[in-house]
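The structure appears below as structure tokens.
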Amino acid sequence: MPVLFTSLRDERYTLPHLFERNALLKPDAPFLRYLDGDDENGPITDISARQILQMASATAGHLGQLGCAPRQAGEPLKVVAFYGTSGISYYTYLVACLLMNWTVLLVSTRNSDAAVEHLLRISEATHILSDGIWFEKAQKLQNVTAIKIEDVPPSDNVWSSAQLSPEQFSKALTEPALYLHTSGTTGHPKLIPFTHEFVVSGIQRVHNGNYTAFKGASMLTLVPLFHAIGFWNFTMIPFATGVVPVIVHSKRPMDGARLLSILKRINSPSTIVFSSPATLEEVAGIPDGPKTLATMSGHAFWGGGSVKQELGDRLARAGVILTSVYGATEFGPVTPFRLSSDNPVEDWNYLSFLPEINVLLKPVDDGSGLRELLILPSETATTAIQQYNHENPKAWATMDLWSPHPTREGLWKHHGRMDSITVLSNGEKTNNRQIETLLLQDPLIARVVVFGSGRFLNGVLLSSSPNLGYDSSSDPERYLDQIWNTIVNANEVLPQHSALVRQLVLVEKTEKPFIMSDKGTVRAVETLSQYEEDINAAYGRLEEGEGALEVELPDEGTPDTFKAYIKKLLVAISISVPSEDADFFDYGVDSLIAIKIRSHVVSFLKHKTDFGDTEIIGNLIYTYSSIDALTRFVFNTSNGVQSTEHIIQELIQKHTEGLPQTTVITNGVGQITDSKANVLLTGCTGSLGSHILLQLLSLKNVERVYCLVRNTDTENSIRERLMVQFGVYGLPKELLAEKASSIVILPADLSDPNLGLSASTKQELESKVTHIIHGAWRLDFNLPVERFSKTEIAGVRHLIDLSLAQPLLHTRFIFISSIGSVQNHSSISAVPEQSFSVPSIAGFDGYSQSKYTAERIIDVAVSRAGLDAIIIRGGQLSGSSQNGYWNPKEYIPSLFKTSAAIRAFPDHFMEIRWLPVDIAGKIVVKLSLNATSRGYYHLENPVSTSWSYLVNLLSSHAQKTAKPTPVEPVSMSEWLRLIVQASQVKSVDEIPAIKLMDFFRGIGENTNGEGANAVVLDVQRTREVAPEIDVGVLSDVVLLSYWDTAST
């Protein structure tokens, strides 16, 4: 990372200058990393300093074509609002607008519609950039031009800012580069201008600290860009410290389990986490969660709230270095981005303040010993504050309370707030006074106390008016019915995170009157203290679906009444979905709304079905995220059985509707005669896909290979990844360069019937493609089969439609399936190369079931529409037979590397039927291009090798070499125990099998001897076309090359 500054104020920059200077000083240094949080197999893409400038420059040109001209020096401010999903496209457009000298207004998507309109009005924004459902909302706003955020191909040219005179430059420094806003805690949100001088001084301030230990590390930042913390993390951190932030694009809110899953994908123990308190608390509550976080990251920052002492202690004792970061939109961060104490276990909840920040900790006059933090004017640190709210001394009163460390001077612990702010566990802030003001407009409400500090949702405790005419405590539901319109009207004004749900609206009890002060005001702390049990019970009822609901339960418990019930709920919480199979998270559902939906579903289950004592998963709405999926879950669960077979049959029917009818089965199709083949390939960057690509490029009669890739990838990034794949497998990289013109990279979306392609590109494929080899699939064994419907299973149908688009072309469709689709076949005989009509033959996981579903859809297309198709079920494909490289993320390389680290090896495992991936690639292409191939084929070594042979081979190998190769045979249970023991001192890079403990434990429980319960694939039909399948027993040289490559 280039050194941008040598002292605090030796140089002055605007933000565009920083991006340009960074790209010039070290163009290839990683500046950001990007990953798709919803794609378990998606890549982690590095974006360099120069690349981000190229991407932003191209985007600025795109905006110019839309009529958005750059602002010239001396012209009035031009304000553009951002209102959408925080991700790499959002960031690119943000930088583009900064380059164009526009002032960027970052709008939180949690704001109410009224708050958004208010921010646009007072900022005088002329344009609003949005995506997804936010773009639909933006189009309805008055007096602004809505522009959709869309990916723009990067340009080789980079933006160059106009030269400014000294006077113009000085003026530019004091102009707002951005507007952020408060959370609306005192009415409408207020604008906070971030001048260039303020932002750059903050960067310089952090740069001058001691952060060399973090340089080059990834920072997994889970805070959106429209929050001050998110903006600082994606600008100040990369410029000032050399840390590389990771942008995670996801439709689903982050929780503890997903955080750990993404950390495993990043797979670097030096990764830093910046999270909300709620997510860290969830990690602490997951079995082995603290240990996993300590292993995968070790250093976790949080901001915006407090972590519960008990849960923080649990994380700290497991080895997680917890660091709280404190600041505010008005003045930026004022604490170090490092631990302030040398005792991370006991002092994790304490922090210190930066020496250049002028702070005063003023004693509170209540005998508590607490201090209020004041931020005083400083000559060494610029703030965004335009005016101060405290006199004598002149300062910004934060209203935050602190207590000193009992023995360590300079360490302070946060103790809540003086004002009427409730900080939720996800870092959002609720303005108690705003809720009180809105509710007290109702003459039937006498007093309001807000609760919810440290919880996901806030609630209220209400005291009824003396003029009510009856005792509200004896009939609270009647009282809530009377005042509910007031609650509904308040929710329309409140920020989304502060909205009230009925289960958390409590009514004063006669035996527990509000505690009042001498002045007649409610003493909130004491009052809430006496209602602590009632509040805890209310949250418990919310979790269990009990208590008052926003929508009444229907009279009958049928699928139709359930669907109507959920639709009514969605209307009540202002969520609009276009169809019953639409994913909730595509249409604005966040973690808070998911809680509300879950509560209503659980209530329906308990009161309207024969639910019994079945446990309901906490992430119910994340797993079953549509009306259809929830309906299937509810009625499968209530009947006591998960009817997966029924779900699979429904998916087959859904994705075969509308197939053309024909009685003609084409012959001689998909063959190469005198004409050239044009092949469409998906999954080209995977292990098998890259070897398929090699074989296709090596054939003279293959004219072109169209590689369909995710629409989040770029052509350059795919070509770079292909170079890497060819390199690690020892494949000829020069062939990629030589055949570059024969490889067409097409970013696509398989969930789209048009594949996310332009009409002209799709027409070109329909008229030219002779073969489609479909190998791309999401590898996630935790998802139910229906979660594969939108992209993977629908993608099969859309590619079938492409195959059938030109009947005279006879495009052949080749599908790479999995042994998982027949996992429950009897182990007495080999699985024949044929179709199976009973869904129960598939494995129990959604991945295997989705592969089976795809097979059956293809079978229907063959019989009904005359599709020429080949289905290839793959068994265990091993690494290359040429250089021994085996993808280290797969389970056998993980086993090898872990065994080398712990000096032990499991003595029993599944028998070895490994087929080297380079041979598998040849077979796939041979089957695909053979004129008479049709139907089902299998990829698996027909000759097995016993596991004990491998164990003995490795033992002998250890004795013949000077290397201390650990091959001491132990039982599977002992091997697993040694992994857990080693995790105390070794990193996950050294013992990667720790990430697959459940998988290996399952094998240990189900394998009583060599090859027990193993499914064997028959390969007779494959052998007739590709005799290469008979590789025989893998040689000792190949087996040892796998071990040596994986274990080093």
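The figures follow:
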{"item": "Residue list for the range 831-886, filter: touching a residue at least 60 places away in the same chain (Cβ under 8 Å), hydroxyl-bearing (Ser, Thr, Tyr) and not in a helix (DSSP H, G or I)", "result": "Ser835, Ser878, Ser880, Ser881, Tyr885"}
{"item": "From Leu696, Leu722, Leu731, Leu688, residue being surrounded by 18 or more Cβ atoms within 10 Å (Cβ to Cβ), touching a helix residue (DSSP H, G or I) at 6+ places or on another chain (Cβ under 8 Å) and in a loop (DSSP other than H, G, I, E, B)", "result": "Leu731"}
{"item": "Test: residue in the range 357-372 that is of a type outside the set (D, E, K, R), at pLDDT below 85 and closer than 30 Å to Ala217 by Cα", "result": "yes"}
{"item": "Residues (part of a helix (DSSP H, G or I) and crowded, with 19+ Cβ neighbours inside 10 Å) located in the range 1022-1037", "result": "Thr1022, Ile1029"}
{"item": "Test: residue in the range 765-783 that is at negative phi and without any contact (Cβ under 8 Å) to a residue 12 or more places away in the chain", "result": "no"}
{"item": "Of all residues making up the range 803-821, the number that are touching a residue at least 60 places away in the same chain (Cβ under 8 Å) and either farther than 19 Å from Arg934 by Cα or part of a strand (DSSP E or B) (or both)", "result": "3"}
{"item": "Condition check for Phe836: modelled with pLDDT of 85 or more, surrounded by fewer than 23 Cβ atoms within 10 Å (Cβ to Cβ) and over 31 Å from the mean Cα position of the chain (by Cα)", "result": "yes"}
{"item": "In the range 913-957, the residues that are hydrophobic (A, V, I, L, M, F, W, C), buried (at least 17 other Cβ atoms within 10 Å of the Cβ) and out of contact with any Gly (no Cβ under 9 Å at 6 or more places or on another chain)", "result": "Ile919, Ile923, Val925, Leu927, Leu950, Val951, Leu954"}
{"item": "Hits in the range 173-219 (condition: surrounded by fewer than 22 Cβ atoms within 10 Å (Cβ to Cβ), in a helix (DSSP H, G or I) and modelled with pLDDT of 85 or more)", "result": "Leu173, Glu197"}
{"item": "Residue ranges of helices (runs of 4 or more DSSP H) in the range 460-566 with at least 2 members hydroxyl-bearing (Ser, Thr, Tyr)", "result": "476-493, 524-530"}
{"item": "Residues satisfying the stated conditions in the range 954-998, i.e. within 19 Å of Leu1039 (Cβ to Cβ), aliphatic (A, V, I, L, M) and at pLDDT 80 or above", "result": "Leu954, Ala993"}
{"item": "Among (1) within 25 Å of Phe169 (Cβ to Cβ); (2) surrounded by 18 or more Cβ atoms within 10 Å (Cβ to Cβ), the one test that Ala73 misses", "result": "(2)"}
{"item": "Residue, nearest to Glu786 (Cα to Cα), within the range 660-686, restricted to residues that are small (Gly, Ala, Ser) and modelled with pLDDT of 80 or more", "result": "Gly683"}
{"item": "Count - residues of the range 414-435 that are surrounded by 18 or more Cβ atoms within 10 Å (Cβ to Cβ), under 28 Å from Ser472 (Cα atoms) and either at pLDDT below 80 or of a type outside the set (Val, Ile, Thr) (or both)", "result": "5"}
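For every residue, the table says whether it meets (1) farther than 30 Å from Val107 by Cα; (2) in contact (Cβ under 8 Å) with a residue 60 or more places away in the chain; (3) touching a Pro at 6+ places or on another chain (Cβ under 7 Å); (4) surrounded by fewer than 19 Cβ atoms within 10 Å (Cβ to Cβ).
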{"position": "Asp475", "(1), (2), (3), (4)": "yes, no, no, yes"}
{"position": "Arg478", "(1), (2), (3), (4)": "yes, no, no, yes"}
{"position": "Asn489", "(1), (2), (3), (4)": "no, no, no, yes"}
{"position": "Leu494", "(1), (2), (3), (4)": "no, yes, no, no"}
{"position": "Leu504", "(1), (2), (3), (4)": "no, no, no, no"}
{"position": "Tyr531", "(1), (2), (3), (4)": "yes, yes, no, no"}
{"position": "Gly540", "(1), (2), (3), (4)": "yes, no, no, yes"}
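The values are calculated or read from the model by the stated rules, or taken from the named source; none is laboratory data. None of these values were measured; they are calculated from a predicted model. For neighbour counting, all protein chains shown are included, and Cβ atoms are generated from backbone atoms with ideal geometry for every residue, glycine included.
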